[in-house]
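Colleague: Take a look at this one; I'll ask things after.
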Amino acid sequence: MPAFPIEEIYSLNSADDITHRSGYEYPVSTKKSNFVRILAVYSLNKSSINCGVSDCLEEHQKGYLVLTPNEQETCLCQACGKRFFAADFDEQQNDFVEQNRIRKQKSRLNNLLEQTGNIKEKIDFIKKQPHGANWLYKSLTHFKQAYPSELIRALKTLAANNEENRVLATLIESEADSSNIEAVRQLQGLSIFISDIREELIGKILMPLVELEKIAASPDETPSLARFGKLTDHWQSQLEKAEILVREGQAFFHIDNIARLKSIPLSKENSRKVKSLHWNCDKGDIK
């Protein structure tokens, strides 16, 4: 399984967080060659620490954790950081804040990548189960082709559930039979007309997941990963939303619910057409 390589995420909030690290060395002799690379910056609020350079040892709260040639670590005060690395503390701090943000982002994405097999299995099940997402997409496509566009617009209006619903208002104003009004009010599964099952399941979960796998398999490329944050945080709720939408589709295409469509106020021609059509739920098309 591809994964993003992640360097250590440093959490240096106290002197103990630094001095208790397994590779900590103190003091280190004063040679420029003894300080290889800045690993992290720190700003201690309630404690202080002594600089690790043997000719300095200054007590300080803000400084740098650095790597030595023998893979050990020590700390430098700001003055020694400037002396050995020409480092500006504020600039280094901003850089490391951003680097830590990216490390944490990659760590969360790696957790997601570990679950891709399970997520894909769930997507496949939702798609291929009897009366699942594939059935719903096919059924809705055929429904929109077979039934008049005036009815589709009315169903979208009802799905929006506005307080001033013109479909129900038309029935009430025309003093329609109460059974017709009640039938329209009892319509189920209307959310399938304002949410696209393929977009919810494939566009928002599977396609970004596949793209993320490709990026992780090519670590030399460094595109922005921010767009995957929503997937990381919401893939479970997004799967649940897709499952709910499938159940909504099953409710809408039930024979009793389809019969309620005849109560929606339409032009005479479209009303006759709706009443003449017979829907086959299993086939996902008109009979």
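Colleague: Return the residue satisfying two criteria in turn: it lies in region 259-272 and is in a loop (DSSP other than H, G, I, E, B) and aliphatic (A, V, I, L, M), and of such residues it is nearest to GLY203 (Cα to Cα).
Modeller: Only one residue fits best here, namely ILE264.
Colleague: Got at least one residue in region 44-62 being at pLDDT 95 or above, farther than 30 Å from ALA251 by Cα and of a type in the set (Val, Ile, Thr)?
Modeller: yes
So that you can scan it fast, the table gives a plain yes or no per residue for (1) touching a residue at least 12 places away in the same chain (Cβ under 8 Å); (2) in a helix (DSSP H, G or I):
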| position | (1), (2) |
| --- | --- |
| SER195 | yes, no |
| GLU199 | no, yes |
| ILE205 | yes, yes |
| LEU209 | yes, yes |
| LEU212 | yes, yes |
| SER218 | no, no |
| PRO223 | no, no |
| PHE228 | yes, yes |
| HIS234 | no, yes |
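Colleague: How many residues does region 62-87 hold that are outside any strand (DSSP E or B) and under 17 Å from SER47 (Cβ atoms)?
Modeller: 1
Colleague: Still on this structure, please answer the following. Against the definition (of a type in the set (S, T, N, Q) and in a loop (DSSP other than H, G, I, E, B)), how does SER11 come out, yes or no?
Modeller: Numbers: of a type in the set (S, T, N, Q): yes; in a loop (DSSP other than H, G, I, E, B): yes.
Yes: the conditions hold for SER11.
Colleague: Could you please let me know if GLN188 is outside any helix (DSSP H, G or I) and assigned by TED's automatic domain parsing to the domain that holds TYR147?
Modeller: So GLN188 passes the test.
A quick yes/no check of all residues on (1) in contact (Cβ under 8 Å) with a residue 24 or more places away in the chain; (2) of a type in the set (Ser, Thr, Tyr):
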| position | (1), (2) |
| --- | --- |
| ASP16 | yes, no |
| SER22 | no, yes |
| SER29 | yes, yes |
| ARG37 | yes, no |
| SER43 | yes, yes |
| SER47 | yes, yes |
| ASN50 | yes, no |
| SER54 | yes, yes |
| GLU58 | no, no |
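Colleague: Does region 37-61 hold any residues that are outside any strand (DSSP E or B) and out of contact with any Asp or Glu (no Cβ under 9 Å at 6 or more places or on another chain), and which are they?
Modeller: First pass over region 37-61, keeping only residues outside any strand (DSSP E or B): 44-48, 51-52, 54-58, 61.
Correct list: ASN45, LYS46, SER54, ASP55, CYS56, LEU57, GLU58, GLN61.
Colleague: A further question on this structure: For region 1-45, enumerate the residues that are crowded, with 16+ Cβ neighbours inside 10 Å, among the small types (Gly, Ala, Ser) and out of contact with any Leu (no Cβ under 8 Å at 6 or more places or on another chain).
Modeller: none
Colleague: Still on this model: For region 248-258: of the residues being in a helix (DSSP H, G or I) and in contact (Cβ under 8 Å) with a residue 24 or more places away in the chain, which is farthest from LYS128 (Cα to Cα)?
Modeller: Of all residues in region 248-258, those in a helix (DSSP H, G or I) come to 248-252, 255-258.
Imposing the further condition that a residue be in contact (Cβ under 8 Å) with a residue 24 or more places away in the chain reduces the set to 248-252, 255, 257.
Working: GLU248: 16, GLY249: 14, GLN250: 14, ALA251: 18, PHE252: 19, ILE255: 22, ASN257: 23 Å.
Per the stated criteria, the residue is ASN257.
The values are calculated or read from the model by the stated rules, or taken from the named source; none is laboratory data. This one's a predicted model, so the numbers in the text were calculated from it and none came from an experiment. Glycine also receives a Cβ, built like all others from the backbone with ideal geometry; neighbour counts cover every protein chain displayed.
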